[in-house]
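Chemist: Take this structure first; my questions come after.
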Amino acid sequence: MDSEQPPHSVFDTILPVRRRGNLRSQLAFDHPKRELNVYSEMVPCTQRLADLTWKPKGVILSGGPYSVYEQDAPHVDPAFLELGVPILGICYGIQELAYRLDKANLPEGFHTIATTANSEYAGIAHETKPIYGIQFHPEVTHTPDGTHLLKNFAVDICGAAQNWTMAKFVDQEITRIRKLVGETDHVLGAVSGGVDSTVASKLMKEAIGDRFHAVLVNNGCMRLNECEQVHETLGKHLGINLTVVDASKQFLDALKGVTDPERKRKIIGGKFIDVFEAEALKIEAGVKHTGAKVKWFLQGTLYPGEPED
């Protein structure tokens, strides 16, 4: 695999189109990769096809909490329907297909492939084109054979190869980080010992070594011996360049006598910024003596939070 190329140039790619406010859009994005080893890249429903520089193997129009008849309902670029690749509309996505092609009836050229007691059009398909719509969510775990249905679409209909793996993702991300950060810049990041920041820190460590500076702030509210355990795991076992700041007294003094949860949250958040910034200045000063600079900040997050982060 050529790690210098973007993933969609290396892997057959399914393109889920995300609707704002729809949590299941993320499942439609994750499912092909997690369950089928098929690479996918999610784009917002505002994506214009003319601005897309590559052609996917197939398109998934995700659901959303809207009616296609609402004035501000999100609609995809109709050019996607003329792209010439298989399309699967899920829930709102099937309504989008019908709205784009015939606002009042089952569009010409389509026929029903599934019904339920509550829906005459639980599934529809075009008679000659690989365009499908379903009025349920195959990406959720409680849908029987949902993964099988998505495999039928992504692999059998779109022809996408099942060759995306986490190992390939790691290799590609390490290469991307090295190219982005360069050979001399340093990176700073706050860690907690949780999965998000630990995975991000390990990737950064593998990419640029000790030029990544991880900072763990002990706020006095951690579990018994948790700070020591995080230090052991990240610093010793994973070899991450870790600085531990014991600011527990500062936090506990600031929280003394405070009972309102929201006030506690704001106090902890504000104090964390103060402590972290003070430590960051020390690290930056040390790096400056080497002739380099701290130019990047690492944030670890779950992918479902990516659209908001």
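Chemist: Could you check region 50-74 and list, in sequence order, the residues that are hydrophobic (A, V, I, L, M, F, W, C), over 18 Å from Leu150 (Cβ atoms) and under 21 Å from the mean Cα position of the chain (by Cα)?
Modeler: Listed by number, the residues that qualify are Leu52, Trp54.
Chemist: In this structure, does Asp171 turn out to be assigned by TED's automatic domain parsing to the domain that holds Val294 and under 19 Å from the mean Cα position of the chain (by Cα)?
Modeler: Yes.
Chemist: Among the listed residues Gly270, Gly300, identify the single one that is in a loop (DSSP other than H, G, I, E, B) and either more than 25 Å from Asn225 (Cα to Cα) or not aliphatic (A, V, I, L, M) (or both).
Modeler: Gly300
Chemist: I want to confirm something. Restricting to region 160-209 and keeping residues that are in contact with a Lys or Arg (Cβ under 7 Å, 6 or more places away or on another chain) and at pLDDT 95 or above, which single residue is nearest to Pro7 (Cα to Cα)?
Modeler: Ala207
Chemist: Now, a different point. Testing Glu173 on (1) surrounded by 15 or more Cβ atoms within 10 Å (Cβ to Cβ); (2) of a type outside the set (A, V, I, L, M, F, W, C); (3) touching a residue at least 40 places away in the same chain (Cβ under 8 Å); (4) farther than 23 Å from Glu284 by Cα, one condition comes back false. Which one is that?
Modeler: (3)
Chemist: Name the single residue, out of those in region 233-252 being surrounded by 11 or more Cβ atoms within 10 Å (Cβ to Cβ) and out of contact with any strand residue (DSSP E or B) (no Cβ under 9 Å at 6 or more places or on another chain), that is farthest from Asp210 (Cα to Cα). Lay out the reasoning, then the answer.
Modeler: The initial filter retains those residues of region 233-252 that are surrounded by 11 or more Cβ atoms within 10 Å (Cβ to Cβ), namely 233-235, 238-248, 250-252.
Keeping just the survivors that are out of contact with any strand residue (DSSP E or B) (no Cβ under 9 Å at 6 or more places or on another chain) gives 233, 238-239, 250, 252.
Values: Thr233: 16, Leu238: 12, Gly239: 9, Gln250: 29, Leu252: 32 Å.
The residue in question is Leu252.
Chemist: Let me ask something else about it. Taking only region 255-273 into account, find how many residues are of a type in the set (D, E, K, R) and surrounded by 14 or more Cβ atoms within 10 Å (Cβ to Cβ). Working first, answer last.
Modeler: Initially, region 255-273 is screened for residues of a type in the set (D, E, K, R), giving 256, 260, 262-266, 271.
Right, trim to surrounded by 14 or more Cβ atoms within 10 Å (Cβ to Cβ) and you get 264, 271.
Total meeting the criteria: 2.
Chemist: What about Val85, is it over 30 Å from Met222 (Cα atoms), in contact with a helix residue (DSSP H, G or I) (Cβ under 7 Å, 6 or more places away or on another chain) and among the β-branched types (Val, Ile, Thr)?
Modeler: no
Chemist: Is it the case that some residue within region 211-231 is under 27 Å from the mean Cα position of the chain (by Cα) and outside any strand (DSSP E or B)?
Modeler: yes
Chemist: Give, as residue ranges, the strands (runs of 3 or more DSSP E) completely inside region 49-165 that count at least 3 residues that are out of contact with any His (no Cβ under 7 Å at 6 or more places or on another chain) and over 28 Å from His8 (Cβ atoms).
Modeler: Values: elements: 58-61, 87-90, 110-114, 123-126, 131-134.
Filter on region 49-165 gives 110-114.
Chemist: Okay, next question. If Lys151 meets every condition in (1) surrounded by 13 or more Cβ atoms within 10 Å (Cβ to Cβ); (2) more than 24 Å from the chain's Cα centre (by Cα); (3) of a type in the set (D, E, K, R) apart from one, which number is that one?
Modeler: (2)
Chemist: Taking the condition without any contact (Cβ under 8 Å) to a residue 60 or more places away in the chain, surrounded by 17 or more Cβ atoms within 10 Å (Cβ to Cβ) and assigned to a strand (DSSP E or B), does Ile208 pass?
Modeler: no
The values are calculated or read from the model by the stated rules, or taken from the named source; none is laboratory data. The structure displayed is predicted, hence computed values, not measured ones. So basically every Cβ, Gly included, is an ideal-geometry build from the backbone, and we count neighbours across all protein chains shown.
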